[in-house]
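What follows is one structure encoded as structure tokens, with my remarks underneath.
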Amino acid sequence: MANMNIEAVKQTLKSWINEGYIEGELSVEPEWYILWRPEELEEINRDYEILEYAPGFISFGGNGGGELLVVNHHAEVFYIPSIGMSPDTAIKIAGTLEEFKGYMHQ
């Protein structure tokens, strides 16, 4: 899904949450996920200042240990530290959101 935007991320999160994916183990780094509530995405991204420190990314969750789960406009999934955040610190963990979903456990 190219041209990923915050509304598309919200729709994906709603679907995952409805399927019971809220928090759990990941079979890839960072090994744990916590999904943000779709209605809180704008506020969370604003609070973390994603646009300023990691332009081109949208955070959709975290790992509970200081790292954010983010997606870029190509729908590739990365994790990035919340302290020292920059596009250069993003580590790619999935080529698509669907691939990422395959790594999530309920």
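The values are calculated or read from the model by the stated rules, or taken from the named source; none is laboratory data. All values reported here derive from a predicted model rather than from experimental measurement. Every residue, glycine as well, gets a Cβ built from its backbone with ideal geometry; the counts of neighbours run over all protein chains shown. Calculation scope for accessible area: heavy atoms of the full protein, side chains included, ligands and nucleic acids excluded. Shrake-Rupley method; radii C 1.70, N 1.55, O 1.52, S 1.80 Å.
Which residues, counting only those in the range 33-54, are open to solvent by 40 Å² or more (accessible area, probe 1.4 Å) and either touching a Pro at 6+ places or on another chain (Cβ under 7 Å) or among the aromatic types (Phe, Trp, Tyr) (or both)?
Pass one, the range 33-54, residues open to solvent by 40 Å² or more (accessible area, probe 1.4 Å): 34, 36-37, 39-40, 42-43, 46-49, 51-53.
Result: Trp36, Tyr48, Tyr53.
Okay, residues lined up against (1) over 18 Å from Lys14 (Cα atoms); (2) modelled with pLDDT of 95 or more; (3) not aliphatic (A, V, I, L, M):
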{"residue": "Glu49", "(1), (2), (3)": "yes, yes, yes"}
{"residue": "Phe60", "(1), (2), (3)": "no, yes, yes"}
{"residue": "Val71", "(1), (2), (3)": "no, yes, no"}
{"residue": "Gly95", "(1), (2), (3)": "yes, yes, yes"}
{"residue": "Met104", "(1), (2), (3)": "no, yes, no"}
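Determine whether the range 64-74 contains at least one residue that is under 12 Å from Met4 (Cβ atoms), open to solvent by 40 Å² or more (accessible area, probe 1.4 Å) and charged (D, E, K, R). First the steps, then the outcome.
Keep residues of the range 64-74 that are under 12 Å from Met4 (Cβ atoms), which gives 70-74.
Keeping just the survivors that are open to solvent by 40 Å² or more (accessible area, probe 1.4 Å) gives 73-74.
Keeping just the survivors that are charged (D, E, K, R) gives none.
No, the range 64-74 contains no residue that is under 12 Å from Met4 (Cβ atoms), open to solvent by 40 Å² or more (accessible area, probe 1.4 Å) and charged (D, E, K, R).
Are any residues in the range 1-21 open to solvent by 90 Å² or more (accessible area, probe 1.4 Å) and within 17 Å of Phe100 (Cα to Cα), and if so, which ones?
Looking only at the range 1-21, we keep the residues that are open to solvent by 90 Å² or more (accessible area, probe 1.4 Å), and these are 1, 3, 7, 11, 14, 18.
Correct list: Met1, Gln11, Lys14, Asn18.
Which of the residues spanning the range 1-46 are hydrophobic (A, V, I, L, M, F, W, C), in contact with a strand residue (DSSP E or B) (Cβ under 7 Å, 6 or more places away or on another chain) and in a loop (DSSP other than H, G, I, E, B)?
Hits for the range 1-46 are Met4, Ile22, Val28, Trp36.
Select from the range 81-99 the residues that are touching a residue at least 24 places away in the same chain (Cβ under 8 Å) and under 22 Å from Ile17 (Cα atoms) and write down the one among them that is surrounded by the fewest Cβ atoms within 10 Å (Cβ to Cβ).
Taking the candidates together, the pick is Thr96.
Exactly one condition in (1) closer than 17 Å to Asn3 by Cα; (2) outside any loop (DSSP other than H, G, I, E, B) is false for Ile93; which is it?
Going through (1) closer than 17 Å to Asn3 by Cα; (2) outside any loop (DSSP other than H, G, I, E, B) one by one, Ile93 breaks only (1).
Report, by residue number, each residue of the range 47-78 that is assigned to a loop (DSSP other than H, G, I, E, B) and either closer than 16 Å to Ala90 by Cβ or more than 13 Å from the chain's Cα centre (by Cα) (or both).
Of everything in the range 47-78, those that are assigned to a loop (DSSP other than H, G, I, E, B) and either closer than 16 Å to Ala90 by Cβ or more than 13 Å from the chain's Cα centre (by Cα) (or both) turn out to be Tyr48, Glu49, Ala54, Pro55, Gly56, Asn63, Gly65, Gly66, His73, His74, Ala75, Glu76.
Which one of these does Asn3 not meet: (1) at pLDDT below 95; (2) closer than 25 Å to His105 by Cβ?
(2)
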